[in-house]
Protein chains: 2
Amino acid sequence: MDSIDTLVLNIAELVTPPASEKARHGRSMRELVRKNDAAIAIRGGRIVAVGPRAEMESRFQSKQIVDAQGCAVVPGFVDPHTHAVWVGKRTDEFEQRIAGATYMEIMAAGGGILSTVRATREAKLDQIMAETKTRLDRMMAHGTTTAEIKTGYGLALESERKLVDAINILDEEHPMDLVCTFLGAHAIPPEYKEDPDAYVDMVVEEMLPEIAYMVYRVTLRDGRSYQRRGVQFCDVFCEQGVFDVKQTRRILESARRHGLDLKLHVDEFEPMGGTSLAVELGATSVDHLVRTGEKELRLLANSETVGVALPGTPFGLGHTRFTPARAFIDMGGALALATDLNPGTSWCESMPMMMALAARYMGMTPAECLTAVTINAAHAVGLGRQVGALAAGYQADFLVLETDDYRDLVYRYGVNLVGEVYKRGVSAV
Amino acid sequence: MDSIDTLVLNIAELVTPPASEKARHGRSMRELVRKNDAAIAIRGGRIVAVGPRAEMESRFQSKQIVDAQGCAVVPGFVDPHTHAVWVGKRTDEFEQRIAGATYMEIMAAGGGILSTVRATREAKLDQIMAETKTRLDRMMAHGTTTAEIKTGYGLALESERKLVDAINILDEEHPMDLVCTFLGAHAIPPEYKEDPDAYVDMVVEEMLPEIAYMVYRVTLRDGRSYQRRGVQFCDVFCEQGVFDVKQTRRILESARRHGLDLKLHVDEFEPMGGTSLAVELGATSVDHLVRTGEKELRLLANSETVGVALPGTPFGLGHTRFTPARAFIDMGGALALATDLNPGTSWCESMPMMMALAARYMGMTPAECLTAVTINAAHAVGLGRQVGALAAGYQADFLVLETDDYRDLVYRYGVNLVGEVYKRGVSAV
């Protein structure tokens, strides 16, 4: 018998998208693998095999048994768009918005992103890490086992470097896997208010050439270590009043030359043409897509770029217009969901909350929601061959739900139905 | 020094509506008592005094100290409208709705409420109680210390009696206080489909005369016991395709003669005139109010009847029209919030989720939200002099939040910021 570390037994239903080399497009987002009384064999933090319990028990000898107690098991969620690394809160601003101020008005008055920038610039690394860690813990308790985090509350070389440090050290210290995105172009910092192009110059000429080459040492469990690049993606907030398409193109083309993969924030409030740019540049993902027109959606649907919907943002702002996910999927697009976790528009750590919103306000079925928070979200951060599915060769990141029907994650809402969280085969919550 | 059971110390901020003989109307919903470094003195499950820490420490000698660890403390929430007692799930129906079926279409086809009626009629008392208990536990973990539960999945004398039994036994066994509402007129049962008036006859002539007089023995902690009426309220689902205003009036007038207080479901999908009826009959609360017109809202605002908004219901259905709470409060109305916890439109146990919805989609401030889930919700179930405020004489039902700012309950969402829950001075979660 093959020796393994862990065998997961007594699963009411194992539900997962199939292992997929690329993000799942269109109708294939509904195609899930659903197995009753399956078992999962795990060795070295990876899945060795998934199969019928009886067969697996005769095939493997395991050091440890995980009893799923008749509950449903799904892959750990991947949150492919967060701004999780910041300090402070914006509760006052939230109250102002309820009283009628718009998000863009608050931002124009020096509130919004810039108030978090002030607080984050002043904060020490330790404080940033401590505040971020409480959010990572909460994300993990709600099922997120891999997340992307963007910089962008520094907006200056040293403070952006500090955020890259925070993300990379947390990646080492916290069980969650983190993907780091450089978002120096998150807002125009106050000192460049009168000359945004000069800030773009600085991003391209000073920040990218430094930040793209930051490296960190990663230590494996067996003690071996290797050096890794600290930043995987570059992103730009392409929006009216922030960065226009021309500035966005300049930053992303530069980032690509430095070997970074690309992401974009587009069409959150006004359509700007950023979606076409994302497709043209072969971005890994293009995010928000609330106001994107049909022609650009169709262009995106026919590309390999993953669309990422962030339903927590319209929800957080009390808006009723969401990403037209139903139309996009019906066009054959590949969609992922993310929290957009941030202190302004959407302080929510829960991916199931995003599934609940997506089903109700974006017409997505429970199966599409599950694909959107697992394999497609993994492809949106370039990790679709490592995480986001329960299949041989994938990381053993899985959730034992407090229900036997994974659809209850979507049907019920506002509560946490994630019972146990396993990261690389180890209990993490 | 006065001897007490418990002293709650180290409170960052104690936030509560003032003790109020009546529900708080209009602008007074924003008036909160906010105290820094306050302490709460508790004896026999009730609050003896709330005051500055130094004064309280010199005045009282306490057997036990509760350390709030620098967090905010608010009153336990009162959920004044739930259908928490049922068996089974309606996950399939949820999927059908996403695919386009309306709630009323599903109901007309024998799904909806009637499918839960079939399951609940067949279930044994033990099973009903066990399934309900898991929901009560989850409600309490999210801060609910008192809740109303309606019958209405029996729709026949014996099965409605069974639900009254379940609610009253759970009230005894579970730390949460429960208020029982008879909702025999929740739907027209299949066997009366062709003759709804005959069902109304049965509610009035057979069910009410029995159910209004069910009694239960309540045992106090000191061993003494007394008999208590099992049902406090009668409610009717006054809606197109369910019960019309004439039928509603007949049932409620009969209930009143049997000594029950009144509640109504009105204007969830179509305005029917039920709000005026509620005011005329002096109902304790009138609930839903999504489609209520300005004239009726104004009538209600000027009455002592509490309006109860259930934002989880439009949310659960993916609708974008909510109760016009801003207008209603500005007219001087008294509003409460509730979950409407039920297996069809809104399976959500969390009152903070309702606050998050109310702020974003109904324009309510955090202060109004807090009043709406505490003192006003208590008045909506006739308990506003016992629970819903942190003041001398009130039950010691309080929450220690995982934040120092109660507004974070509204600003953040989809996660649980309720840290510790105390019911009658005793830790309950």
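The values are calculated or read from the model by the stated rules, or taken from the named source; none is laboratory data. It should be emphasised that the depicted structure is a prediction, and the values quoted were computed from it without experimental measurement. Heads up, the Cβs are rebuilt from the backbone with ideal geometry, glycines too, and the neighbour counts pull from every protein chain shown. The area values use the complete protein model at the heavy-atom level, side chains included, leaving out ligands, DNA and RNA. Shrake-Rupley method; radii C 1.70, N 1.55, O 1.52, S 1.80 Å.
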Practice prompt. Might you report the magnitude of the Cβ-based charge dipole of region A:77-379 about its Cα centre, with Lys and Arg at +1 and Asp and Glu at -1, to the nearest 20 debye?
Written response: 520
Discussion item. I'd like the distance separating the alpha-carbon centroids of region B:248-269 and region B:305-340, in whole Å.
Written reply: 20
Worksheet, complete the sentence: Long-range amide H partners of residue A:6, meaning residues 5 or more apart or on another chain whose placed amide H is closer than 5 Å, are A:42, A:63, A:64
Worksheet item: Under the Karplus relation 6.51 cos²θ - 1.76 cosθ + 1.60, θ = phi - 60°, what is the ordered set of whole-Hz ³J(HN,Hα) values for region B:380-397, x standing for Gly and Pro?
Response: 5, 10, x, 10, x, 9, 10, 9, x, 8, 9, 8, 3, x, 7, 4, 7, 9
Worksheet item: Using a 1.4 Å probe on protein heavy atoms, which residues of region B:404-429 have at least 50 Å² less accessible area in the complex than alone?
Response: B:407, B:411, B:412, B:413, B:414, B:415
Fill in: Centre separation in Å (Cα based) which lies between region B:176-238 and region B:117-143
17
Item to complete: Among A:416, B:153, B:336, pick out the residue whose Cα is farthest towards the positive end of the charge dipole of the protein assembly as shown, where Lys and Arg carry +1 and Asp and Glu carry -1 on C-beta, about the Cα centre.
Response: A:416
Worksheet item: When the Kirkwood hydrodynamic radius is evaluated over all pairs of different C-alpha atoms of region B:59-127, what value in angstrom, to one decimal, is obtained?
Response: 16.5
Worksheet entry | Minimum 30 Å² accessible area buried by the other protein chains, region A:315-334 residues, probe 1.4 Å, relative to alone | A:315, A:318, A:320
Fill in: Amide H partners (placed H, <5 Å) of residue A:336, local residues excluded
A:307, A:308, A:309
Worksheet entry | residue B:427 - accessible surface, heavy atoms, 1.4 Å probe, Å² rounded to 10 | 70
Response to the item:
All alpha-carbon distances of region B:217-359, grouped into 5 Å bins from 0, give the whole-percent distribution 2, 10, 18, 20, 18, 14, 8, 5, 3, 1, 0
Practice prompt. With a 1.4 Å probe and every protein chain kept in, tell me what percent of the accessible surface of region A:7-83 is carbon plus sulfur.
Written response: 44
Discussion item. Using only protein heavy atoms and a 1.4 Å probe, how much accessible area in total is buried between A and B, to the nearest 100 Å²?
Written reply: 4000
Discussion item. Over 18 Å between Cα atoms: which of A:150/A:246; A:133/A:162; A:89/A:423 fall into that group?
Written reply: A:150/A:246; A:89/A:423
Worksheet item: Placing +1 at every Lys and Arg Cβ and -1 at every Asp and Glu Cβ, with all other atoms neutral, what dipole size does the protein assembly as shown have around its Cα centre, in debye to the nearest 20?
Response: 560
Discussion item. Return the chain A residue and its Cβ-to-axis distance, rounded to the nearest Å, for the rotation relating A to B.
Written reply: A:320, 2
Worksheet item: What size of dipole, in debye to the nearest 20, comes out for region A:53-168 about its Cα centre when the only charges are +1 on Lys and Arg C-beta atoms and -1 on Asp and Glu C-beta atoms?
Response: 140
Response to the item:
Residue-ordered couplings for region A:136-142, obtained by feeding phi - 60° into the Karplus form 6.51 cos²θ - 1.76 cosθ + 1.60 and rounding to whole Hz (Gly and Pro as x), are 4, 4, 5, 4, 5, 4, 9
Practice prompt. Return the loop-located trypsin sites (Lys or Arg not before Pro) in region B:372-422 (DSSP other than H, G, I, E, B) with at most 16 other Cβ atoms within 10 Å of their own Cβ; answer none if there are none.
Written response: B:385
Worksheet entry | Cα gyration tensor shape of region B:202-243, rounded if a/c is under 1.5, else prolate or oblate by comparing a/b with b/c | oblate
Response to the item:
Env charge @ residue B:107, Cβ radius under 14 Å, K,R +1 / D,E -1, value -1
Worksheet item: Leaving out ligands, DNA and RNA, what percent of the accessible area of region B:304-366 is carbon and sulfur, probe 1.4 Å?
Response: 49
Item to complete: Run the numbers on region A:68-99: which residues show a drop of 30 Å² or more in accessible area, chain on its own versus all protein chains together, using a 1.4 Å probe over heavy atoms?
Response: A:89, A:91, A:94, A:95, A:98
Discussion item. Can you tell me, using C-alpha contacts under 8 Å and at least 6 residues apart, the relative contact order of chain B as a whole percent?
Written reply: 22
Worksheet, complete the sentence: The distance between the Cα centres of region A:89-104 and region B:1-33, in whole Å, is 26
Worksheet item: How many nm is it between the label spots at residue A:69 and residue B:96, if each spot is 7 Å from the Cα in line with the beta carbon?
Response: 3.3
Item to complete: Mind ranking A:257, B:321 by accessible surface for me, highest first, 1.4 Å probe?
Response: A:257, B:321
Worksheet, complete the sentence: Taking the dipole of the protein assembly as shown about the Cα centre (Lys, Arg +1; Asp, Glu -1; charges at Cβ), the one of B:140, B:377, A:25 that reaches farthest to the positive side is B:140
Response to the item:
extent check for chain B: Cα max minus min per principal axis, descending, whole Å, gives 70, 47, 40
Worksheet item: Under a plain spin-label model, where a point goes 7 Å from the Cα along Cα-to-Cβ, how far apart in nm are residue A:295 and residue B:133?
Response: 6.3
Worksheet item: In what sequence, largest accessible area first, do A:137, A:408, A:197 appear using a 1.4 Å probe?
Response: A:197, A:137, A:408
Item to complete: Quickly estimate the mean residue ellipticity at 222 nm for the protein assembly as shown, helices only: each DSSP H run with n ≥ 4 gives -39500 (n - 2.57), and the total goes over all residues, rounded to 500.
Response: -9500 deg cm²/dmol
Worksheet item: What residues have an amide H closer than 5 Å to that of residue B:46, excluding those fewer than 5 places away on the same chain, when H is modeled at 1.01 Å from N in the peptide plane?
Response: B:396
Discussion item. On a 1.4 Å probe surface of the protein chains, which of A:79, A:126, A:261 comes out largest in accessible area, and what is the full order?
Written reply: A:126, A:261, A:79
Discussion item. For the protein assembly as shown, what does the convex hull of the Cα positions come to per residue, in cubic angstrom?
Written reply: 167
Worksheet item: Which ³J(HN,Hα) values in Hz, rounded to whole numbers, follow from the phi angles of region B:53-61 under the Karplus curve 6.51 cos²θ - 1.76 cosθ + 1.60, where θ = phi - 60° and Gly and Pro get x?
Response: 3, 4, 4, 5, 5, 7, 8, 10, 10
Worksheet item: Where only protein heavy atoms count, and the probe is 1.4 Å, what is the accessible area per residue for the protein assembly as shown in Å²?
Response: 34
Item to complete: Putting +1 on Lys and Arg Cβ atoms and -1 on Asp and Glu Cβ atoms, find which of B:300, B:313, B:168 reaches farthest to the positive end of the dipole of chain B.
Response: B:300
Item to complete: Please give the solvent-accessible surface of residue B:237 in Å², to the nearest 10, using a probe radius of 1.4 Å with every protein chain present.
Response: 10
